[in-house]
1. With an 8 Å Cα cut-off and a minimum separation of 6 or more residues, compute the relative contact order for the chain in percent.
2. Expressed as a whole percent, how much of the Cα-Cα distance distribution for segment 120-165 exceeds 18 Å?
3. If I build a Gaussian network model for the chain, linking alpha-carbon pairs within less than 10 angstrom, which residue out of 213, 262, 55 has the largest mean-square fluctuation?
4. For the chain, which whole percent of the accessible surface, found with a 1.4 angstrom probe, sits on carbon and sulfur atoms?
5. Name the residue farthest towards the positive end of the dipole of the chain from the options 215, 79, 119, assuming +1 on Cβ of Lys and Arg, -1 on Cβ of Asp and Glu, about the Cα centre.
6. Computed from the mean reciprocal separation of all distinct C-alpha pairs, what Kirkwood hydrodynamic radius does segment 47-132 have, in Å?
7. Classify segment 73-193 from the C-alpha gyration tensor, please: rounded if a/c falls under 1.5, else prolate or oblate depending on whether a/b exceeds b/c.
8. I'm a student and want to see the number: the projected area of the Cα convex hull of segment 128-257, averaged over all directions, in nm².
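The values are calculated or read from the model by the stated rules, or taken from the named source; none is laboratory data. Predicted model only: the values in this text are computed from it and were never measured. Please note: Cβ atoms are built from the backbone with ideal geometry, for glycine as well, and neighbour counts cover all protein chains shown. All accessible areas refer to the heavy atoms of the entire protein, side chains included, with ligands and DNA or RNA removed. Shrake-Rupley method; radii C 1.70, N 1.55, O 1.52, S 1.80 Å.
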Amino acid sequence: MKYISFAIPCYNSEAYMEKAIQSVLKGGEDVEIIIVNDGSKDKTKKIARHYAESYPSIVKAVNKENGGHGDAVNSGLSHATGRYFKVVDSDDWVDEEALMKILDAVKGFVQAESEVDMIVSNYVYEKVGMEHKKVIHYRNVLPQNQIFHWDDIGHFRLDQYILMHSVIYRTEMLKLCQLRLPKHTFYVDNIYVYYPLPHVRNLYYLDVDFYRYFIGREDQSVNEKVMISRIDQQIFVTRAMIDMYELRMIPSKKLKKYMVNYLAIMMTVSSILCIRSKKKENLEKKTELWRYLKKRDYGTYMRIRHGILGQTTNLPGKSGQKVSSMAYSVARRLIGFN
């Protein structure tokens, strides 16, 4: 039995993918590693084949035409046979000690026939040039080492939202809720985390520093200049999240609040990037995005627009835009995401 399937989407990843693979291999026969070669033009395919041949009972090498990160995740999920599913980006890695603790927890769920839909653990910003690594934990928000429900969660700080790095989903739950990420689109990790939430019935949190999120490459998708150049994709993902649910219909008040706040962060990031681009057409896209939310879900629009984030990103005039941009810069340094 494979307890966790790890999908490693790779595109021209020859320089760093082996560190990700080697870190997950520490799980031995308890894990399944699905290396998805997303139409790479370098030696990614050759490296994936080498690991599949060297560890035939653990590693699968999947080759496909280029479809982007989200499509590679879709492919990994379709090939997954493990009880749980985790995405590890090819330039990231996982901690061996934490991996063993998570595997022990999953084995306990399976043996007790009490599997949870979602496992949460900590992640670490492995930021280039930073001596002290920032750890994102949830010990003040989520009950530890026990199965719990959405109504048991506490209040998330801005830098504590659950990202792809911190989540492991039950594989069958992801397949049943028909998660499909769009092709050739960046920032779909937000959809990956957001869309399944109302389908999650129970959760489990381990306070271990599991995922190591490498950040600092100039070509990374979370580099600010790169994000501004891809503002249309950021807005596309935000609109897709607006369309997913009538948030007023979410039965759990705490989950509904969490999802509204998550959407507020997405609206803020999209808005500030439009402002920082200093392009008139992008400022018009920002206005249109807020207009779209207002038309699609007026109640959610009012909550976000008149919240702290909504007010900060909609200050009038050039002076207001400057204040919004400064607030974003402060938040970026605090959170450390790019």
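1. Working: 593 pairs, mean separation 54.9, N = 338.
Result for the chain is 16 percent.
2. Working: 376 of 1035 pairs.
Of all Cα-Cα pairs in segment 120-165, 36 percent lie more than 18 Å apart.
3. Largest GNM mean-square fluctuation: 55.
4. On the way: 8030 of 15460 Å².
Accessible surface attributable to carbon and sulfur in the chain totals 52 percent.
5. 215
6. Working: mean 1/r = 0.0636 Å⁻¹.
In segment 47-132 this quantity evaluates to 15.7 Å.
7. Here segment 73-193 falls in the rounded category.
8. Numbers: hull surface 37.2 nm².
Result: a mean projected hull area of 9.3 nm².
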